[in-house]
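Q: Quick one: the structure is below, questions incoming.
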Amino acid sequence: MSTIASLEEIEYCDDSIFVMHEKCEKFIPFHKHSKSQLTYVEGGLGYIRFREKLFVIPARHYFWIPAGVEHTFTIGNPATQCRTLFFHTRGDSQSQFYNKVGIYPVNDLLFQMIKFTGQWNGHVLPDDERFVFLQSIKNILPQLSNQSLAVALPFTENERMLKILAYLEDNLSESHTLQSISSKFGVSERTLSRFFQSTLSVSFLQYLKLLRMAKAFRLIIGNEHSLADIAFLCGYQSLSSFSNTFYQVTKTRPSEHLSMPNSLV
């Protein structure tokens with residue numbers, strides 16, 4: 001059964017934990033469900049969009065979405081495997097972790113526990129011995145997941161701004177300033193600065209930094225370029241400058257994403 005087709009089935013039993021391991025559709029439109037969601041993105045790059053933000057989900061990371069939060073999910077490659085656990089909401093008030101969206105690296109312990117669930121699919125009820133194991137995964141998440149990855153691109157439907165953002169993305173290896181972009185699109189620097197704040201709630205420079213980090217993740221996961229080349233393709237003149245900015249945003253170094261566990265096979 002496809003992910004989209006499974007969305008209704010997830011709702012059939014409030015008390016269960018629903019397990020799903022499969023290659024995901026390239027795009028799942030806006031939806032929400034009554035269970036909290038943990039999804040591990042295996043070997044690819046994913047994107048979760050909420051109404052006002054787009055989050056980047058690198059490989060070897062999982063995302064947590066509380067129940068009732070509307071979102072879309074997109075993956076860069078239809079061959080990407082997604083490992084998803086939908087949890088009942090009992091006990092969610094015991095930790096703030098369960099009530100906020102987050103993207104977290106998968107450490108060795110969580111990696112092995114998710115791997116173990118690969119033999120199961122569908123509803124697991126409280127009287128099933130597998131339920132205790134699945135529940136233990138949820139219980140340890142607040143202790144294992146202390147640092148959320150914060151590569152979140154603000155989103156807008158403003159057509160004028162979308163043209164500016166598309167230009168930045170298509171020419172990301174070039175050097176951009178508020179002055180150069182304002183000149184390119186025939187507006188004053190002050191107007192462009194206010195435009196970013198009013199439509200995206202971030203500054204021009206902050207958006208550009210986040211956009212470069214999003215591209216950096218795509219290139220790192222693609223494993224076709226050296227880190228020095230990735231730095232250049234993302235608009236940085238040196239590997240050290242790229243690495244320092246990457247650390248500022250993600251609290252990790254680019255090299256760390258080359259050696260994390262990848263496959264649950």
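The values are calculated or read from the model by the stated rules, or taken from the named source; none is laboratory data. Because the structure is predicted, anything quoted here is derived from the model rather than measured. All Cβ positions, glycine included, derive from the backbone under ideal geometry; neighbour counts span all protein chains shown. Just the protein is used for accessible areas: all its heavy atoms, side chains included, with ligands, DNA and RNA removed. Shrake-Rupley method; radii C 1.70, N 1.55, O 1.52, S 1.80 Å.
Q: So, with +1 on the Cβ of K and R and -1 on the Cβ of D and E, and no other charges, what is the size of the charge dipole of the chain about its Cα centre, to the nearest 20 debye?
A: That gives a dipole near 880 debye.
Q: Let me ask you something else. Over the heavy atoms of Trp120, what accessible area does a 1.4 Å probe trace out, to the nearest 10 Å²?
A: 30 Å²
Q: So how tilted is helix 239-250 from the main axis of the chain? Cα-based, degrees 0 to 90, rounded to 10.
A: Rounded to the nearest ten degrees, it is 50.
Q: Still on this structure: Any chance you could get the radius of gyration and Dmax over the Cα atoms of the chain, in Å?
A: 19.7, 65
Q: Just to confirm, what accessible area per residue do you get for segment 3-112 at 1.4 Å probe, in whole Å²?
A: Heavy-atom SASA per residue in segment 3-112 reads 40 Å².
Q: Using the alpha-carbon atoms, what tilt in degrees (0 to 90, nearest 10) does helix 129-144 show relative to the longest principal axis of the chain?
A: The angle comes out at about 30 degrees.
Q: Measure out, as a whole number of angstrom, how far apart the alpha-carbon centroids of segment 172-216 and segment 138-166 sit.
A: Cα centres, segment 172-216 to segment 138-166: 17 Å.
Q: Report, to the nearest whole %, how much of the accessible area of the chain belongs to carbon and sulfur atoms, 1.4 Å probe, protein only.
A: Whole-percent figure for carbon plus sulfur exposure: 50.
Q: Now for a different question. For segment 11-23, what does the Karplus curve 6.51 cos²θ - 1.76 cosθ + 1.60, with θ = phi - 60°, yield as ³J(HN,Hα) per residue in whole Hz, taken in order and with x for Gly and Pro?
A: Taking θ as phi minus 60°, the curve returns 7, 5, 9, 5, 8, 7, 10, 9, 10, 9, 10, 6, 5 Hz for segment 11-23.
Q: Using 5 Å bins from zero, what percent of all Cα-Cα pairs in segment 153-236 falls into each bin?
A: So the P(r) values, bin by bin, are 3, 14, 26, 24, 16, 9, 6, 2.
Q: Where in the chain is the longest stretch that carries no trypsin sites (Lys or Arg not before Pro) classed as loop by DSSP and with at most 15 other Cβ atoms within 10 Å?
A: The longest uninterrupted stretch comes out as 101-250.
Q: While we're here: Quick one: accessible area per residue over segment 176-265, 1.4 Å probe, rounded to a whole number of Å²?
A: Accessible area per residue: 52 Å².
Q: As a quick test, which of the pairs Lys53/Lys115; Lys35/Lys251; Lys53/Lys184; Lys35/Lys138; Lys35/Lys100; Lys53/Lys138 have an alpha carbon distance above 19 angstrom in this structure?
A: Cα-Cα > 19 Å for Lys53/Lys115; Lys35/Lys251; Lys53/Lys184; Lys53/Lys138; rest within.
Q: How much mean residue ellipticity at 222 nm does the chain get from its helices, if each DSSP H run of length 4 or more adds -39500 (n - 2.57) and you divide by all residues, to the nearest 500 deg cm²/dmol?
A: -12000 deg cm²/dmol, from helical runs alone.
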